[in-house]
Amino acid sequence: MIKLFRSIRQNLIMENKTGKYLKYAIGEIILVVIGILIALQINNWNENSKTNIKEQILLVALKQELTTNLKELNGIIEVNRKRNEAAHKLVSVLSPKEAKLSNIEISKLWYNTFAREAVYKPSLGVINEAISSGSLSIIKNIKLRDFFASMESELQLLKSQEETVFDWRMQCFQTTSKLGNVRILLFDTLDPEIAKKLGVSAFENSNVELLQSKTFENNIVLFIGTTNHLQTGFLIPLKNKMDNAMKLLNIELNHD
């Protein structure tokens, strides 16, 4: 093709057809420019195609991680709901008068309130890798990109509230240790084989005093308040954001 163009130019020069030569030269330049533009367009298309494939691979990995994290979060929400509910039942039987409850009933109320810990520990391997490598930027959906970019700050706020709940839970433990009988509480609620090894306490009805404690009541009320705020102010809003992110992921992964 190059030889053909060169031959045509030489013939035009030899024939002293300057006007035609100039027109031909301009035409040749235009063809070259068009060829370059086409080549650039093809190269851009190839690069975009590669980027799209990388984006799809990343989105699939993020969806898998988000699915696992959502399952974990739903479990934490349920645990926190149950212990908050149990705390309300426990605080309802507190009174300066002697409670008409057996040791076993008291133990079960206490165990259901304080035995479970609700600490969310999501897997963040894919998200952290995407952020550190800069590959998060290839996600075209701005809402999705912003969600994953803000995940760390969301979890820091959640952790702060979890620590507040933990502090009041520890306060309840300390009051229980001072005024109650932990051995009775555990004996009545642990697995029978473990309880058998622990043995029965010789201090009968010692947990009745615990239910008559104003300090214990204050601690439980604050525990209820912080667990409720954890649920409504952090866990459920985070779940809503994650559910929305999952919907966006499904849309992006089903474009075709």
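Test of the criteria: in the range 162-256, which GluC sites (Glu not before Pro) are in a DSSP loop and have at most 13 other Cβ atoms within 10 angstrom of their Cβ?
Loop-located and lightly packed - 204.
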Karplus (6.51, -1.76, 1.60) ³J(HN,Hα), θ = phi - 60°, over the range 223-228, in Hz, Gly and Pro reported as x: 5, 4, x, 6, 5, 5
Accessible surface, per residue, of the range 126-235 when the full set of protein chains is kept, probe 1.4 Å, Å²: 56 Å²
Largest-first ordering by accessible area, 1.4 Å probe, given options 167, 188: 167, 188
Sequence of 68, 226 from largest to smallest accessible area, 1.4 Å probe: 68, 226
Electrostatic dipole magnitude of the range 137-247 [Cβ: Lys, Arg +1; Asp, Glu -1; Cα centre; debye, to 20]: 440 debye
Rounded Å value of the spacing that divides the Cα centres of the range 115-178 and the range 46-105: 11 Å
Qualifying GluC sites (Glu not before Pro) in the range 49-105, DSSP loop, other Cβ atoms within 10 Å at most 15: 98
Listed residue pairs exceeding 20 Å between alpha carbons, taken from 108/239; 159/214; 82/178; 54/140: 108/239; 159/214; 82/178
Share of carbon and sulfur in the accessible heavy-atom surface of the range 76-127 [1.4 Å probe, %]: 54 percent
Loop-located chymotrypsin sites (Phe, Trp or Tyr not before Pro) in the range 172-256 whose Cβ has at most 15 other Cβ within 10 Å (DSSP): 203
Amide H within-cut-off set for residue 99, under 5 Å, with H built and near neighbours excluded: none
Which of 111, 123, 139, positive extreme of dipole for the range 94-142 (C-beta unit charges): 111
Estimated FRET transfer efficiency when R0 is 25 angstrom, pair residue 124-residue 170 (beta carbons, to 0.05): 0.40
Only Lys, Arg (+1) and Asp, Glu (-1) charged, at Cβ; the range 115-201 dipole about Cα centre in debye: 120 debye
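The values are calculated or read from the model by the stated rules, or taken from the named source; none is laboratory data. Because the structure is a prediction, the values reported are computed rather than measured. Methodologically, a virtual Cβ is constructed for each residue, glycine included, from the backbone with ideal geometry; neighbour enumeration extends over all protein chains shown. Side chains included, ligands, DNA and RNA excluded: accessible areas come from the protein's heavy atoms. Shrake-Rupley method; radii C 1.70, N 1.55, O 1.52, S 1.80 Å.
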